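Input: a single structure, listed below in structure tokens.
The values are calculated or read from the model by the stated rules, or taken from the named source; none is laboratory data. Here the structure is a predicted model, which means the values were calculated and not measured. Every residue, glycine as well, gets a Cβ built from its backbone with ideal geometry; the counts of neighbours run over all protein chains shown.
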Amino acid sequence: MNVKADLLYGAETWITTTTIINKVQVFINSCLCKILYIHWPDTIRNSLLWERTNQLPAEEEIRKRRWKWIGHTLRKSSNRITRQALTWNPEGKRKRGRPKNTLRGIIEEDMKRMNRN
């Protein structure tokens, strides 16, 4: 049983915030440290931990899964609900305050970030 795969199941559709990503990453790092028998006061940098275990950071893993899911979804017919979720634009007014993040907004953000790099 792969803990990381179970933990990130369905993560491609999550609205990922830095808080969520940090919590997931902390849990993954603690599991990796237990596997490598690294206990306090012995510590190593996260980048070295990921290099030793041949793992990607949680944010990159989620982004990779999301793009894989988008490619899978775009190949489906346009009447499928998952395909409609990518282009869904709700009618009416939103509540006061900061707008909620949408899956579409997160995807557009990822595209902008990828074009800068």
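Below are the figures for this structure:
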{"quantity": "Residues satisfying the stated conditions in the range 94-108, i.e. exposed (fewer than 12 other Cβ atoms within 10 Å of the Cβ) and over 12 Å from TRP67 (Cα atoms)", "calculated": "ARG94, LYS95, ARG96, GLY97, ARG98, PRO99, LYS100"}
{"quantity": "Hits in the range 22-71 (condition: among the β-branched types (Val, Ile, Thr) and within 21 Å of the chain's Cα centre (by Cα))", "calculated": "VAL24, VAL26, ILE28, THR53, ILE62, ILE70"}
{"quantity": "Single match in THR17, THR43, THR73 (criterion: at pLDDT below 90, of a type in the set (Val, Ile, Thr) and closer than 19 Å to ASN101 by Cα)", "calculated": "THR17"}
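Listed here are the residues, each with its yes/no results for (1) under 19 Å from ARG113 (Cα atoms); (2) touching a Lys or Arg at 6+ places or on another chain (Cβ under 9 Å).
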{"residue": "THR17", "(1), (2)": "yes, no"}
{"residue": "ILE21", "(1), (2)": "yes, no"}
{"residue": "TRP50", "(1), (2)": "no, no"}
{"residue": "LYS76", "(1), (2)": "no, yes"}
{"residue": "ARG96", "(1), (2)": "no, no"}
